[in-house]
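Reading through the structure tokens given below for one structure.
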Amino acid sequence: MCIDYRGLNRITKKNAYPLPRIDDLLDAAGGCKVFSKIDIKSGYHQIEVDLADQHKTAFKTRNGLYEFTVMPFGLTNAPTTFQSLMDKILREQIDRFVVVYLDDILIFSKSMEEHLKHVEEVLAILKKTQLHLNLEKSEFGKVSVIYLGHRLSAAGLEPEATKIEVIRDWPQPANIRELHFFLGLASYYRKFVPRFSIIAHPLSRLTSKNVPYSWDAACTKAFRAFKEALVSYPVLRIADPKPTFVATTDASQYGIGAVLQQDDGDSLRPLEYYSKRMPSVKVATSTYMRELYALRMALDYWNYYLLGRHFKVFSDHETLKWIKQQTTLSPTLLRWFHEIDIFDFELRHKKGCYNRVADALSRHPQYMTCLVKSYDLQKKLKEELVEHTAKDPELSPILERLRVDPGGQPDFHEFEGLIFRRYENHDRLCVPNHEPLRTHFLDLAHDRSGHFGMAKTYANLLRQFDWPGMKGAAEKFVAECQVCQRIKLCRQKPMGLLTPLPIPNGPRESVSIDFTDMDLVIREFQQKYILEFGTPKTLVSDRDPRFISTEWKDFTSHLGIKLCMASGRHPEANGLAEEINLIVFQLLRALIIPDQETWDEELYSVKGLYNNSVHFATAMTPNRLHYGWQIRNPLSYLFPEQPAGLTPGRPG
């Protein structure tokens with residue numbers, strides 16, 4: 001259950017009771033050989049709320065109004081209240097053989113006999129105070145345990161392996177792009193790595209324009225030296241609770257990355273790295289959702305450092321600064337805000353170019369090498385592509401050379417058995433010479449994209465695919481399409497000299513209109529165009545009696561729209577609207593076969609198909625031209641998402 005307590009937290013007087021220092025807790029267990037770790041089950045719910053304050057926890061559901069009788073999760077003072085309780089009931093045992101951090105109790109002893117007595121004493125106190133345990137998360141009589149992100153044993157204290165394995169297990173960069181990410185991460189901490197420039201030289205040399213990407217023994221040595229330096233002292237250190245903690249987060253379509261740091265007076269020193277693949281079920285359609293997910297996961301991962309104390313958060317997505325002022329929330333956002341709001345932090349914007357560590361972690365090569373899987377590529381289709389790529393007489397030699405020397409073919413790169421060809425701003429999948437595969441992609445580009453003509457079908461293919469003779473194959477496929485042969489109109493060239501209409505100065509200034517039903521046009525134009533885009537300056541139409549009627553003139557005059565009428569008996573003068581009508585009718589013929597009664601239900605499909613097809617007057621789809629980004633189409637699931645580019649018409 002998730003309840004939004006942000007309003008209550010905002011006016012709550014903060015409890016100043018301190019949470020224990022992490023290093024003090026860890027130091028207390030030094031020299032011990034046997035450990036037990038006890039987790040309190042739903043600890044907050046085991047504390048009763050005073051009867052006079054229960055109304056403050058009220059929440060409303062469709063079944064009525066409810067109030068908590070026990071302390072709910074999400075209240076800003078819940079952590080300190082619970083810590084105060086645990087310190088009180090275990091005050092005689094704490095620092096002797098017990099330390100407590102919220103609901104995590106650590107018991108430590110120098111011998112097993114002594115440890116049994118200590119455990120029995122603690123369990124008796126918990127039983128007396130009626131605090132229930134979570135046995136699944138508890139451990140007893142261990143020689144080594146994980147506590148607060150560190151491994152405790154008789155040998156002493158060491159960092160938990162998972163917090164440095166992101167760097168330690170970083171794979172060897174396979175190309176320039178991956179090398180840039182790694183060097184960006186390493187150079188951020190260059191002042192903590194002795195002889196940084198000397199170590200970096202073999203790797204930095206590979207990033208030069210005129211140097212081919214050839215990984216050798218010197219590169220391997222430098223790569224290993226960097227990884228060893230980044231996960232060892234003096235770079236990675238145990239937290240000091242006095243300086244302010246700083247969490248920096250970043251997210252990409254591939255994964256999330258974060259680094260926890262502290263200011264030592266001269267600069268920020270890293271404490272822990274965190275990186276996680278972006279689960280496909282949580283990949284949001286907006287950067288805002290991704291960045292918020294990264295923040296939520298990082299705070300949860302480092303809660304034992306951050307909960308109950310003020311800290312700073314840096315993110316390269318500026319709108320996250322307003323997260324606590326959001327009013328309308330989806331169920332997912334409400335749940336995330338509920339988890340985030342218990343933390344006391346100041347969020348600051350940090351541009352991506354200054355956020356290299358978290359940015360590199362969010363684009364970890366292990367996440368980027370699973371792009372096809374993350375978009376649920378049909379297993380059978382992928383297996384066929386891999387199989388026939390290896391058999392193809394033209395592609396198989398390229399594949400072998402790429403596996404031996406990834407940088408030896410500058411125009412190609414290999415990815416999980418598939419070959420991609422590099423172009424100026426995107427990569428295209430090289431489709432092997434196997435007729436069923438090529439026919440499948442032609443079907444996606446033509447039949448499932450609206451039965452447009454050869455030019456648009458070929459443009460759809462060019463976005464993502466490459467094979468010899470692809471243009472001829474597209475031309476033949478469209479010419480032999482039986483649906484197109486039945487529905488396409490025969491167009492006669494218009495007679496007479498046409499004069500073009502003035503070019504508008506900006507989007508939505510001039511609108512061309514035709515009708516099928518006048519009442520429908522007025523209603524739809526007002527509700528679905530004006531309310532979304534505003535009123536245009538001019539409106540172009542023919543001289544149909546409906547458009548010169550008093551009703552239509554009053555409607556447009558009231559909105560301040562200037563009417564531009566085409567010449568009588570010359571519909572070609574309003575060619576924009578007439579052309580769209582023809583396209584709509586053509587697409588409807590393809591979509592409503594064999595049922596001719598569903599044409600009105602398919603209009604939104606027609607709109608989507610047309611707006612996502614390349615228009616050769618602009619070399620872009622209407623969607624990209626209008627909104628500045630390209631929506632996904634039936635072919636997109638095969639490919640990784642490309643980073644967002646500049647909006648057309650806006651300077652870089």
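The values are calculated or read from the model by the stated rules, or taken from the named source; none is laboratory data. Every value quoted in this text rests on a predicted model; they were computed, and no experiment measured them. Methodologically, a virtual Cβ is constructed for each residue, glycine included, from the backbone with ideal geometry; neighbour enumeration extends over all protein chains shown.
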Name the residues in the stretch 409-435 that are over 28 Å from the mean Cα position of the chain (by Cα) and without any contact (Cβ under 8 Å) to a residue 24 or more places away in the chain, would you?
Gln409, Asp411, Glu435
Mind checking which residues of the stretch 95-127 are among the basic types (Lys, Arg) and touching a residue at least 24 places away in the same chain (Cβ under 8 Å)?
Lys110
Filtering the stretch 535-559 down to residues that are over 24 Å from Glu579 (Cβ atoms), part of a loop (DSSP other than H, G, I, E, B) and out of contact with any Ser or Thr (no Cβ under 8 Å at 6 or more places or on another chain) yields Ser549
For Thr499, work out the one condition from (1) among the hydroxyl-bearing types (Ser, Thr, Tyr); (2) modelled with pLDDT of 85 or more; (3) not assigned by the TED database to the domain that holds His388 it doesn't fulfil.
(2)
Here are Asn633, Asn611: which of them is under 23 Å from Leu442 (Cα atoms), touching a Ser or Thr at 6+ places or on another chain (Cβ under 7 Å), among the polar types (S, T, N, Q) and at pLDDT 75 or above?
Asn611
All positions within the stretch 467-478 that are part of a helix (DSSP H, G or I) and either of a type in the set (Phe, Trp, Tyr) or not assigned by the TED database to the domain that holds Leu429 (or both)
Phe477
Check on Ile146, in the same structural domain as Leu19 (by the TED database), of a type in the set (A, V, I, L, M, F, W, C) and under 36 Å from the mean Cα position of the chain (by Cα):
yes
Within the stretch 436-451, residues under 29 Å from the mean Cα position of the chain (by Cα) and over 19 Å from Val386 (Cα atoms) come out as Leu444, Ala445, Arg448, Ser449
Of everything in the stretch 406-448, what is surrounded by fewer than 19 Cβ atoms within 10 Å (Cβ to Cβ) and of a type in the set (Gly, Ala, Ser)? Give them in sequence order.
Gly407, Gly408, Gly417
Looking at Glu48, Glu92, which one is surrounded by fewer than 18 Cβ atoms within 10 Å (Cβ to Cβ), assigned by the TED database to the domain that holds His118 and touching a residue at least 12 places away in the same chain (Cβ under 8 Å)?
Glu48
Taking Lys37, is it out of contact with any Gly (no Cβ under 9 Å at 6 or more places or on another chain) and assigned to a strand (DSSP E or B)?
yes
Given (1) closer than 24 Å to Tyr304 by Cβ; (2) surrounded by 15 or more Cβ atoms within 10 Å (Cβ to Cβ), number of the condition Leu8 does not satisfy:
(1)
Against the condition in a loop (DSSP other than H, G, I, E, B), within 36 Å of the chain's Cα centre (by Cα) and of a type in the set (A, V, I, L, M), how does Leu75 come out, does it pass?
yes
